[in-house]
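J.: Quick one: this structure, given as structure tokens, is what I'll be asking you about.
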Amino acid sequence: MPEGHTIHRLARDVADRFAGHALDASSPQGKFADGAALLDGAALTATEAHGKHLFLGFGPVGWVHIHLGLYGTFRFGEGVPPEPVGQVRLRLATRPGESPAGPLHYADLRGPTRCELLAAPEKSAVSDRLGPDPLRAASDPEAAWARISRSRTSIAALLMDQKIVAGVGNVYRAEVLFRHGIDPYRAGRDLTRAEWDALWEDLVALMTDGVRKNRIDTVRHAHTPEAMGRPPRVDDHGGEVYVYRRAGQPCLVCGSPVATGELAARNLFWCPHCQRERPRDP
């Protein structure tokens, strides 16, 4: 499932291509035909991302709420749109003559978990159910800390709970805990405030970098392939990481085998040496 940096990057990419233009909207698959009919000819006025949720604003028509889920994709093209291939839930396209100085653009949405047209109060209700997002400037990490600091649930599970922190997925969860030497099974209430502040600050930096690069890189300079003289990582996820999908491989810091387990139906990765549980205070 795409993590928050992908959705924020997608919001930016949609705005770059379509903002201010009246668009052709259609649902070749037919599952969003009524919504597309209302959007057809309307101008894109805003794009927003909150965690893993994308919102496309079309003025008085409303907001298209998109959640890609596990299988959704949003692909861009340039020029006159070709005949749709596969199950296209929503196609957006600039109209010839709308922007004579620039190329035509189109985008196809396939396989999302959610694609729906919402009024402004309904959009707000979706956001109200989500926790603070490290990529939204107005987000307050205090709200997340208030829940984490009194929870018996593991910090690894809490970071993946979108009602607590929005946008963090399996990769950022594993990597940020490794970078701060925190055992993923430690209860949220056993974190110190200083540890939470450091985790949040690091998530902001890592995810902002992810938006810029359009991929996840989490290793510090001393552990890059160039610095260590090792081959670059080869994985369809891309990016240089410490523990994610590196089960059984040597930790880049201590050399111990990276461990894996299952937590809340998701694979968990950590270094048992670098992320040892700290002694509890007496």
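The values are calculated or read from the model by the stated rules, or taken from the named source; none is laboratory data. Values in this document were obtained by computation on a predicted structure and should not be read as measured data. Cβ sites come from the backbone with ideal geometry, for glycine too, and all protein chains shown count toward neighbours. Calculation scope for accessible area: heavy atoms of the full protein, side chains included, ligands and nucleic acids excluded. Shrake-Rupley method; radii C 1.70, N 1.55, O 1.52, S 1.80 Å.
J.: Determine which member of the set Ala198, Ala194, Ala166 is of a type outside the set (D, E, K, R), within 22 Å of Asp128 (Cα to Cα) and modelled with pLDDT of 95 or more. Let's see the steps before the verdict.
T.: Details: Ala198 fails: within 22 Å of Asp128 (Cα to Cα); Ala194 fails: within 22 Å of Asp128 (Cα to Cα).
It is Ala166.
J.: May I ask you to list the residues in region 31-52 that are open to solvent by 20 Å² or more (accessible area, probe 1.4 Å) and either hydrophobic (A, V, I, L, M, F, W, C) or under 29 Å from Pro132 (Cα atoms) (or both)? It would help to see each step written out before you state the result.
T.: The first filter runs over region 31-52 and keeps only residues open to solvent by 20 Å² or more (accessible area, probe 1.4 Å), leaving 31, 33-34, 37-38, 40-41, 43, 45-48.
Selection gives Ala33, Ala37, Leu38, Ala43, Thr45, Ala46, Thr47, Glu48.
Residues are listed down the side, and each one gets a yes or a no for (1) open to solvent by less than 10 Å² (accessible area, probe 1.4 Å); (2) touching a Cys at 6+ places or on another chain (Cβ under 9 Å); (3) outside any helix (DSSP H, G or I):
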residue: Arg91; (1), (2), (3): no, no, yes
residue: Tyr106; (1), (2), (3): no, no, yes
residue: Glu116; (1), (2), (3): no, no, yes
residue: Pro121; (1), (2), (3): no, no, no
residue: Ser124; (1), (2), (3): no, no, no
residue: Gly131; (1), (2), (3): yes, no, yes
residue: Ala146; (1), (2), (3): no, no, no
residue: Ser151; (1), (2), (3): no, no, yes
residue: Ala157; (1), (2), (3): no, no, no
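J.: Scanning for something within 24 Å of Gly97 (Cβ to Cβ), touching a strand residue (DSSP E or B) at 6+ places or on another chain (Cβ under 8 Å) and assigned to a loop (DSSP other than H, G, I, E, B), does region 66-74 turn up at least one residue?
T.: If we filter region 66-74 for residues that are within 24 Å of Gly97 (Cβ to Cβ), which is where we start, we get none.
No.
J.: Would you tally the residues in region 134-186 being free of Cβ contacts under 8 Å to residues at least 40 places away in the same chain and over 23 Å from Gln275 (Cα atoms)?
T.: 8
J.: Continuing with the same structure: Of the residues that make up region 202-216, is at least one open to solvent by 10 Å² or more (accessible area, probe 1.4 Å), in a loop (DSSP other than H, G, I, E, B) and out of contact with any helix residue (DSSP H, G or I) (no Cβ under 8 Å at 6 or more places or on another chain)?
T.: yes
J.: Could you tell me whether Gly69 is of a type in the set (Gly, Ala, Ser) and either within 26 Å of Glu3 (Cβ to Cβ) or open to solvent by 60 Å² or more (accessible area, probe 1.4 Å) (or both)?
T.: Yes; evaluated as a whole, the condition is true for this residue.
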